[in-house]
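A.B. asks: Take a look at this one; I'll ask things after.
The values are calculated or read from the model by the stated rules, or taken from the named source; none is laboratory data. Note that the structure is predicted; figures quoted are calculated from it, not measured. Neighbour counts are summed over all protein chains in view; Cβ atoms, including those assigned to glycine, are modelled from backbone coordinates with ideal geometry. Keep in mind that these areas ignore ligands, DNA and RNA; they rest on the heavy atoms of the full protein, side chains included. Shrake-Rupley method; radii C 1.70, N 1.55, O 1.52, S 1.80 Å.
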Amino acid sequence: MGTNQNPKETQKNSFGPSSAKAYLDPHYWDERFSNEEHYEWFKDYSHFRHLIQAHIKPNSSVLELGCGNSQLSEELYKDGITEITCIDLSAVAVEKMQKRLALKGYNEIKVLEADMLDLPFSNECFDVVIEKGTMDVLFVDSGDPWNPRPETVNKVMAMLEDAHRVLKPDGIFISISFGQPHFRRPLFDSPKFTWSVEWNTFGDAFHYFFYVLKKVFLTRNSTDHKGICLSFSL
C-alpha cells in the first residue's frame, strides 16, 4: 500500500491502464473505483503526518480535491480534524466513499461529486485545500515538462485559481506531488495568485514534494459567488 511513485508508472499498479492518457478518461476511474477498495498515491498519511500537523489545526475547515478511494480524510478525522469536505469527479468513487465513511461512523465528513476545475463553493470558505496526486494526473499528457502543452497549463491554472478562490485569507493550499519545484513554481508563482510558496520533501530513496501555498491577503473580488460553502448534505 502507498508505494506507487508516479501516475505514468502504470505497471506498478494492477489497475493501471495500458496508456497513461487513460488517467484523463473519467470512464477509466469509474471502472477502477468499481473494482478497487483503497489505494494511496504518493505514500500514505503516516509518511507526511508530521508535515500536515504543522499546518492544519483541529478547527480547520478542509477541502480535499480528488479523494478517490484514499483514506486521507479518515486519517485527518482521526487526528481531530472533523470539518472535512471531499470531492471527486467519479460518481462511483463518491458513492463508495460515502458508504465506507458511514460504516465507520465518520458522518461529519462530506463527500460530493464535483469538478475541481469548477468548484461549487463560494469564495473564501475553507481554511485548507489539499490534493494528493490529483494535480499530477493533469500532467500525464503535458508534453515537454519545461514547456507543457497550453491545454495542460489551462487545466492546471483553472484548478489553482478555484483553489485560491475558495481559500479564506491566510488559508493554505497543500499539494502533495511528484512534480519538482522547477516545474511547479512557474505555475504557482503566477501573478493571478496572492500566495507565498514553500515546500518540503518526504520519502526514503524516492522523494515526494509537500507544497504549502499560503494565501497572504484578500482576493481582489470576493463577491463572485459560485455556490454556497458546505451547502450539501449526505
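A.B. asks: Points 7 angstrom from Cα along the Cβ direction at residue 46 and residue 158: gap in nanometres?
C.D. replies: Modelled inter-label distance: 3.8 nm.
A.B. asks: Calculate, in nm to one decimal, what residue 78 and residue 206 gain on full extension: separation in residues at 0.36 nm each, minus their alpha carbon distance. Could the numbers behind the result be given before it?
C.D. replies: Numbers: separation 128, 0.36 × 128 = 46.08 nm, distance 2.73 nm.
Fully extending the segment from residue 78 to residue 206 adds 43.3 nm.
A.B. asks: Here is a further query. Scan region 74-159 for GluC sites (Glu not before Pro) in coil per DSSP, keeping those whose Cβ has at most 14 other Cβ atoms within 10 Å, and list them by number. Show your work: numbers first, answer last.
C.D. replies: On the way: sites: 74, 75, 83, 95, 108, 113, 124, 131, 151; in loops: 108, 124.
For GluC sites (Glu not before Pro) across region 74-159 that sit outside H, G, I, E and B with at most 14 neighbouring Cβ atoms in 10 Å, the list reads 108.
A.B. asks: A further question follows. Do any of 132/192; 21/104; 132/215; 132/168; 21/99; 57/132 go past 27 Å between their Cα atoms, and which?
C.D. replies: 21/104; 21/99, as the Cα separations exceed 27 Å there.
A.B. asks: Run the quick spin-label model on residue 36 and residue 118: label points 7 Å from Cα toward the beta carbon, then report their separation in nm to one decimal.
C.D. replies: 2.6 nm
A.B. asks: Still on this model: Once you compute Rg and the Kirkwood Rh from C-alpha atoms, what is the Rg to Rh ratio for region 90-149?
C.D. replies: Over the Cα atoms of region 90-149, Rg/Rh equals 1.07.
A.B. asks: Moving to a separate point now. Can you give me the solvent accessible area of residue 29 with a 1.4 Å probe, rounded to the nearest 10 Å²?
C.D. replies: In the full protein context, residue 29 sits at about 40 Å².
A.B. asks: Now for a separate question. What are the equivalent ellipsoid semi-axes of region 57-117, built from the alpha-carbon gyration tensor (square roots of five times its eigenvalues), in whole angstrom, biggest first? Walk me through the intermediate numbers first.
C.D. replies: Numbers: eigenvalues 63, 37, 13 Å².
The equivalent ellipsoid of region 57-117 has semi-axes of 18, 14, 8 Å.
A.B. asks: Over 22 Å, how big is the tail of the calculated P(r) for region 73-199, in percent of all Cα pairs?
C.D. replies: In whole percent, the long-distance tail amounts to 41.
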